[in-house]
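Below is one structure, written out as structure tokens; comments come after it.
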Amino acid sequence: MEVRWLEDFLALARTRHFSRAAELQHVSQPTFSRRIKLLEESMGSTLVNRQTLPLSLTPAGEIFRELCERITRDVRDTHDRISALEAEVSARISVGSTQGLFSHFYQGWAKDAGIAERLQLNLNATSWVGEQFLEALDGGECDLVLCYWHPDLPWGGRLTVDTYQWLVLARESLVPVSVADDHGQPRFALPGLPDQPVPLIAYHRRGFLQSAIEGHLARHGLSANLLPLNENTQSASIKALVKQGFGMGWLPRRMTEKSEQFGSLVRAGDERWDVPLEIRLIRLQEPRSEDLRALWKTLEDVYVS
């Protein structure tokens, strides 16, 4: 039994005439009559008295009409609610965020800024790496990109004022960490020795962070003897391997605070080895909606002095 059959029956109950009801439902009379007959067969009862003029509903038909009115009303109300919900979701501004920033920055920042309800996280972003975030922004897959930024990104030259606008939301740093030994000292400590290099859980070279580490060490003349064991795109994966004692790694400070508090991770080097970063929010120079333009103005009032 289809909802449109119930609507057919209500049309017939209103007009008391097969031809007029069929016209209202935009179907031929034979098709309309066949649907009413199928309804009657489904209910196992005669619903329409065809011997009267105009035709009338049988007692069973009157009961069935009440059911039709209730069901079609509920369907209509549910459709309206779903449409309103879809409109609300589609009106939200789509954000592509790195997984680390989503876990340890995005939610608190959006809530504190009072804009959480205006944003919709694009879950596809968890599979994007490095430059793919800008490509997604260019291609309309998201309206905003939340990411780490630093001067040593190999493709950082793409971020020009002709094409993009950005805000620096916060400062961050990558901190070298390791599990502690029995004496509370790092099991793997920088800089290591030529014959005993420090096992490193590294970032993927296409991501945002490995080039930041390498650029910082080169700029400050810091020489480390490192033995990369593998590469990961996600800070959470690096943290998991570091905590299991496979090696040391650089993690955003926000990801180390709780661990340092409870002593499961300790510094693997002093502050010279800390790598400064920016947390940036990026959009296209020409926003795709007035809602995005208004949101950006709100944020500029906070982050641009």
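Numbers below:
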| read-out | value |
| --- | --- |
| Cβ pairs under 9 Å, 6+ apart, first in region 32-45 and free of Cβ contacts under 8 Å to residues at least 60 places away in the same chain and more than 12 Å from residue 60 (Cα to Cα), second loosely packed, with under 14 Cβ neighbours inside 10 Å and basic (Lys, Arg) | 35/4 |
| Strands (runs of 3 or more DSSP E) within region 77-170 that include 1 or more residues under 29 Å from residue 219 (Cβ atoms) | 93-97, 144-149 |
| Any hit, region 128-142, residues being surrounded by fewer than 15 Cβ atoms within 10 Å (Cβ to Cβ), modelled with pLDDT under 95, under 24 Å from residue 252 (Cα atoms) and assigned by TED's automatic domain parsing to the domain that holds residue 254 | yes |
| Residue 171 being over 18 Å from residue 285 (Cβ atoms) and in contact with a Lys or Arg (Cβ under 8 Å, 6 or more places away or on another chain) | no |
| Members of region 203-229 found to be among the aliphatic types (A, V, I, L, M) and in contact with a strand residue (DSSP E or B) (Cβ under 6 Å, 6 or more places away or on another chain), listed by number | 209, 212, 213, 226, 227, 229 |
| Selection from region 149-184 of residues that are among the hydrophobic types (A, V, I, L, M, F, W, C) and exposed (fewer than 12 other Cβ atoms within 10 Å of the Cβ) | 155, 161 |
| Given (1) more than 24 Å from the chain's Cα centre (by Cα); (2) under 25 Å from residue 275 (Cβ atoms), number of the condition residue 159 does not satisfy | (1) |
| Hey, residue 187 of a type in the set (Lys, Arg), under 24 Å from the mean Cα position of the chain (by Cα) and surrounded by 13 or more Cβ atoms within 10 Å (Cβ to Cβ) or not | no |
| Failed criterion for residue 222 (all others in (1) part of a loop (DSSP other than H, G, I, E, B); (2) without any contact (Cβ under 8 Å) to a residue 60 or more places away in the chain; (3) under 27 Å from the mean Cα position of the chain (by Cα) hold) | (3) |
| Cβ pairs under 8 Å, 6+ apart, first in region 271-295 and free of Cβ contacts under 8 Å to residues at least 60 places away in the same chain, second buried (at least 17 other Cβ atoms within 10 Å of the Cβ) | 293/287 |
| One residue from 280, 272, 293, 206 being of a type in the set (Lys, Arg) and in a loop (DSSP other than H, G, I, E, B) | 206 |
| Subset of region 225-238 [surrounded by fewer than 21 Cβ atoms within 10 Å (Cβ to Cβ), within 36 Å of the chain's Cα centre (by Cα) and without any contact (Cβ under 8 Å) to a residue 60 or more places away in the chain] | 226, 227, 228, 229, 230, 231, 232, 237 |
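Table: residues versus (1) under 25 Å from the mean Cα position of the chain (by Cα); (2) surrounded by 14 or more Cβ atoms within 10 Å (Cβ to Cβ).
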| site | (1), (2) |
| --- | --- |
| 243 | no, yes |
| 268 | no, yes |
| 274 | no, yes |
| 280 | yes, yes |
| 286 | yes, no |
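The values are calculated or read from the model by the stated rules, or taken from the named source; none is laboratory data. It should be emphasised that the depicted structure is a prediction, and the values quoted were computed from it without experimental measurement. Positions of Cβ are generated from backbone atoms using ideal geometry, with glycine treated the same way; all protein chains shown enter the neighbour counts.
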